[in-house]
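Q: I have a structure here, written as structure tokens, and I will follow up with some questions on it.
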Amino acid sequence: MAAPSPGYSITLQVQAPASFTATSDLAAAVAATGAAVTALDVVESHHSSMVIAVSCNTTDAGHAERVKAALDALEGTEVQEMADQTFQLHEGGKIETTLRVPLRTRDDLSRAYTPGVARVCQAIAQDKSQARHLTIKKNTVAVVTDGTAVLGLGDIGPEAAMPVMEGKAALFKQFAGVDAWPVALDTTDTEEIIRTVKAIAPAYGGINLEDISAPRCFEIEARLREELDIPVFHDDQHGTAIVVQAALTNALKLTGKRIEDVRIVVSGVGAAGTAIIRLLMASGARHIVAAGRAGVIERGSQHADSNRQWLADNTNADSFSGSVKEAMVGADVFIGVSAPNLLDEADIAAMNDGAMVFAMSNPDPEVDPAAASKHAAVVATGRSDFPNQINNVLAFPGFFRGLLDAGASDITDEMLVVAAEAIASCISDEELNPGFIIPSVFDPEVSTRVAEAVAAVATPRA
């Protein structure tokens with residue numbers, strides 16, 4: 001059974017007989033279903049009855065219903081209401097616009113709006129670069145999606161993608177003070193997306209592409225980078241790659257291996273997998289095999305997709321042929337951004353001593369982390385309920401903070417490399433251990449170090 005998660009947290013309002021054991025009886029009933037009680041609050045107390053709010057984490061919607069049934073089954077109790085805390089948090093959205101300047105008097109209004117604002121408009125009309133200083137542009141990012149590759153849900157459309165985009169904007173603000181806004185596009189046409197983003201670009205200091213399916217995402221990012229004078233960053237590619245590289249840096253330090261020597265197997269050759277491989281190679285990796293659904297991509301094979309062709313031309317130098325399971329024999333590192341339960345314990349046992357396993361498929365990893373840990377020196381996942389979470393939140397807020405502070409117009413491989421190094425540096429040699437190779441997203445040093453590292457190597461726009 002999956003572990004209870006805050007993502008499936010519920011609150012039940014329960015009427016129960018007034019007694020000294022009422023709360024403990026409810027807690028025991030919830031625990032018996034496998035749910036994790038997080039709070040018990042008496043909200044009403046009467047002579048013969050009391051109303052208690054019971055909050056708990058469950059594994060899924062069906063588990064929540066089983067908790068409700070278990071409480072209803074207790075003698076004299078009745079569940080009056082059950083609320084899903086995740087849905088409650090999203091009611092009305094998660095972000096809003098607030099003011100940076102006072103608007104309390106007529107004088108304030110005259111400066112912020114007419115007639116005073118006209119003078120500012122004229123200044124920008126004479127010199128467009130002033131928009132960076134006289135508008136929100138220098139601290140604002142557009143989070144652009146078409147809703148075709150949302151989390152593990154696939155093509156669910158722009159409306160359904162909005163909660164994720166709002167969450168992204170909230171994380172930008174919380175962790176780096178960057179003002180970001182969702183831009184959900186009702187089109188999947190590559191050219192129309194490019195035209196639209198170019199048309200809205202004057203209002204923003206950067207573009208964060210999000211949850212756009214491969215291979216279209218590669219062309220969209222490449223074209224926009226070429227045609228815009230502000231940085232364009234596809235987080236599904238580069239954010240993931242940065243954090244993977246940071247985690248691997250510390251894992252290699254822990255195991256005493258060198259990146260140029262280790263044999264790396266990457267499962268998943270979409271947006272994230274391709275970007276991870278490119279950054280690994282930029283950081284010195286030499287022995288990488290990439291595997292898709294049909295198995296390992298063979299050296300020199302021909303592909304219609306230009307990104308697959310790049311992988312065929314630049315990876316698998318030893319010309320290995322076979323499945324991802326066969327490629328695991330003698331590997332030092334496994335990086336999974338593909339699908340759940342591809343591997344088993346025997347596959348990890350077949351790796352070299354001191355193996356490193358990054359199984360990042362969500363919510364179910366490519367291999368059971370507990371089974372992998374029996375044979376691997378280091379295990380990381382994409383989940384928050386296991387040690388060593390590979391989480392893009394470690395990268396994109398600070399990365400954009402650095403880009404915006406430097407007034408950068410482009411993104412380079414050097415920026416990606418120094419961002420990964422900055423994240424890795426947040427864990428000292430004394431702190432480093434198999435269960436702690438990557439810092440927490442709540443470590444305040446992470447965003448600051450990433451921003452400073454990126455700004456230091458960025459080239460300001462002319």
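Q: Which residue pairs have Cβ atoms under 8 Å apart, sit 6 or more places apart or on different chains, and have a first residue in the range 345-364 that is within 15 Å of ALA327 (Cα to Cα) and a second that is surrounded by fewer than 16 Cβ atoms within 10 Å (Cβ to Cβ)?
A: Going by the 8 Å Cβ cut-off, the qualifying pairs are GLU345/LYS374; ILE348/LYS374; ALA349/LYS374; ALA350/VAL329; ALA350/GLY330; MET351/VAL329; MET351/GLY330; ASN352/GLY330.
Q: I need every pair where a residue in the range 309-337 that is under 19 Å from ALA282 (Cβ atoms) and of a type outside the set (A, V, I, L, M) has its Cβ under 6 Å from the Cβ of a residue that is open to solvent by less than 20 Å² (accessible area, probe 1.4 Å) and not in a loop (DSSP other than H, G, I, E, B), sequence separation at least 6 or different chains.
A: Filtered contacts from the range 309-337: THR315/ILE288; THR315/ALA290; ASN316/VAL289.
Q: Yes or no: ALA290 touching a His at 6+ places or on another chain (Cβ under 9 Å) and open to solvent by less than 10 Å² (accessible area, probe 1.4 Å)? Before you say what the answer is, go through the steps one by one.
A: Values: touching a His at 6+ places or on another chain (Cβ under 9 Å): no; open to solvent by less than 10 Å² (accessible area, probe 1.4 Å): yes.
Answer is no for this residue.
Q: Look at ASP313 and say whether it is open to solvent by 20 Å² or more (accessible area, probe 1.4 Å), acidic (Asp, Glu), out of contact with any helix residue (DSSP H, G or I) (no Cβ under 8 Å at 6 or more places or on another chain) and closer than 25 Å to PRO215 by Cβ.
A: Details: open to solvent by 20 Å² or more (accessible area, probe 1.4 Å): yes; acidic (Asp, Glu): yes; out of contact with any helix residue (DSSP H, G or I) (no Cβ under 8 Å at 6 or more places or on another chain): yes; closer than 25 Å to PRO215 by Cβ: yes.
Yes.
Q: If I ask for residues that are over 21 Å from the mean Cα position of the chain (by Cα) and among the small types (Gly, Ala, Ser), which ones from the range 406-428 would you list? Let's see the steps before the verdict.
A: The initial filter retains those residues of the range 406-428 that are over 21 Å from the mean Cα position of the chain (by Cα), namely 406-410, 414, 428.
Selection gives ALA406, GLY407, ALA408, SER409, SER428.
Q: Something else: Filter the range 257-272 down to the residues that are in a loop (DSSP other than H, G, I, E, B) and either free of Cβ contacts under 8 Å to residues at least 40 places away in the same chain or within 15 Å of MET356 (Cβ to Cβ) (or both) and list them by number. Break it down into steps so the answer makes sense when it comes.
A: Initial filter on the range 257-272 (in a loop (DSSP other than H, G, I, E, B)): 257-262, 268-270.
Listed by number, the residues that qualify are LYS257, ARG258, ILE259, GLU260, ASP261, VAL262.
Q: Let me ask you something else. Give me a count of the residues in the range 428-456 that are in contact (Cβ under 8 Å) with a residue 60 or more places away in the chain, surrounded by fewer than 20 Cβ atoms within 10 Å (Cβ to Cβ) and either touching a strand residue (DSSP E or B) at 6+ places or on another chain (Cβ under 8 Å) or aliphatic (A, V, I, L, M) (or both).
A: Within the range 428-456, residues that are in contact (Cβ under 8 Å) with a residue 60 or more places away in the chain, surrounded by fewer than 20 Cβ atoms within 10 Å (Cβ to Cβ) and either touching a strand residue (DSSP E or B) at 6+ places or on another chain (Cβ under 8 Å) or aliphatic (A, V, I, L, M) (or both) number 3.
Q: I need the full set of residues from the range 47-76 which are within 12 Å of ALA22 (Cβ to Cβ) and either without any contact (Cβ under 8 Å) to a residue 40 or more places away in the chain or surrounded by fewer than 19 Cβ atoms within 10 Å (Cβ to Cβ) (or both), in order please.
A: So the first thing to find is which residues in the range 47-76 are within 12 Å of ALA22 (Cβ to Cβ), and the list is 48-52, 54, 71, 74-76.
Once the filter is applied, which keeps residues that are within 12 Å of ALA22 (Cβ to Cβ) and either without any contact (Cβ under 8 Å) to a residue 40 or more places away in the chain or surrounded by fewer than 19 Cβ atoms within 10 Å (Cβ to Cβ) (or both), the range 47-76 yields SER48, SER49, MET50, VAL51, ILE52, LEU74, GLU75, GLY76.
Q: Looking at SER24 and the list (1) surrounded by fewer than 17 Cβ atoms within 10 Å (Cβ to Cβ); (2) of a type in the set (Ser, Thr, Tyr); (3) farther than 30 Å from ALA370 by Cα; (4) under 33 Å from the mean Cα position of the chain (by Cα), which single condition is not satisfied?
A: So SER24 meets the others, but not (4).
Q: Do the conditions hold for GLU96, that is, is it among the acidic types (Asp, Glu), open to solvent by 50 Å² or more (accessible area, probe 1.4 Å) and at pLDDT 95 or above?
A: Numbers: among the acidic types (Asp, Glu): yes; open to solvent by 50 Å² or more (accessible area, probe 1.4 Å): yes; at pLDDT 95 or above: no.
Spelling it out, it is not the case that GLU96 is among the acidic types (Asp, Glu), open to solvent by 50 Å² or more (accessible area, probe 1.4 Å) and at pLDDT 95 or above.
Q: Of the residues in the range 362-393, how many are over 24 Å from ASP443 (Cα atoms) and polar (S, T, N, Q)?
A: Summing the residues that are over 24 Å from ASP443 (Cα atoms) and polar (S, T, N, Q) in the range 362-393 gives 1.
Q: Residue check: is LEU209 touching a Cys at 6+ places or on another chain (Cβ under 8 Å) and open to solvent by less than 10 Å² (accessible area, probe 1.4 Å)?
A: yes
Q: Test each condition in (1) under 30 Å from SER19 (Cα atoms); (2) touching a helix residue (DSSP H, G or I) at 6+ places or on another chain (Cβ under 8 Å) for HIS90 and report the one that comes out false.
A: (1)
Q: Moving to a separate point now. Among the basic types (Lys, Arg) and touching a helix residue (DSSP H, G or I) at 6+ places or on another chain (Cβ under 6 Å), is that true of ARG401? I'd like the intermediate steps shown before the answer.
A: On the way: among the basic types (Lys, Arg): yes; touching a helix residue (DSSP H, G or I) at 6+ places or on another chain (Cβ under 6 Å): yes.
Considered against the rule, which asks whether it is among the basic types (Lys, Arg) and touching a helix residue (DSSP H, G or I) at 6+ places or on another chain (Cβ under 6 Å), ARG401 comes out as yes.
Q: Scan ASP305, ASP332, ASP344, ASP236 and give me the residue that is charged (D, E, K, R) and touching a Lys or Arg at 6+ places or on another chain (Cβ under 8 Å).
A: Details: ASP305 fails: touching a Lys or Arg at 6+ places or on another chain (Cβ under 8 Å); ASP344 fails: touching a Lys or Arg at 6+ places or on another chain (Cβ under 8 Å); ASP236 fails: touching a Lys or Arg at 6+ places or on another chain (Cβ under 8 Å).
Only one candidate passes the filter, namely ASP332.
Q: Condition check: without any contact (Cβ under 8 Å) to a residue 60 or more places away in the chain and open to solvent by 10 Å² or more (accessible area, probe 1.4 Å). Does ASP229 satisfy that?
A: Details: without any contact (Cβ under 8 Å) to a residue 60 or more places away in the chain: no; open to solvent by 10 Å² or more (accessible area, probe 1.4 Å): yes.
So ASP229 fails the test.
Q: Right, next: One residue is enough: does the range 192-203 have a residue meeting the conditions among the hydroxyl-bearing types (Ser, Thr, Tyr), in contact (Cβ under 8 Å) with a residue 40 or more places away in the chain, farther than 23 Å from GLY152 by Cβ and surrounded by 13 or more Cβ atoms within 10 Å (Cβ to Cβ)?
A: Quick first cut of the range 192-203, residues among the hydroxyl-bearing types (Ser, Thr, Tyr) only: 196.
Now drop any that are not in contact (Cβ under 8 Å) with a residue 40 or more places away in the chain, which leaves none.
Looking for residues that are among the hydroxyl-bearing types (Ser, Thr, Tyr), in contact (Cβ under 8 Å) with a residue 40 or more places away in the chain, farther than 23 Å from GLY152 by Cβ and surrounded by 13 or more Cβ atoms within 10 Å (Cβ to Cβ), one finds none in the range 192-203, hence no.
The values are calculated or read from the model by the stated rules, or taken from the named source; none is laboratory data. In this text the structure is predicted, and so the values were computed from the model without any measurement. Note: ideal-geometry Cβ built from the backbone for every residue, glycine included; neighbour counts use all protein chains shown. SASA here: full protein model, heavy atoms, side chains in, ligands and nucleic acids out. Shrake-Rupley method; radii C 1.70, N 1.55, O 1.52, S 1.80 Å.
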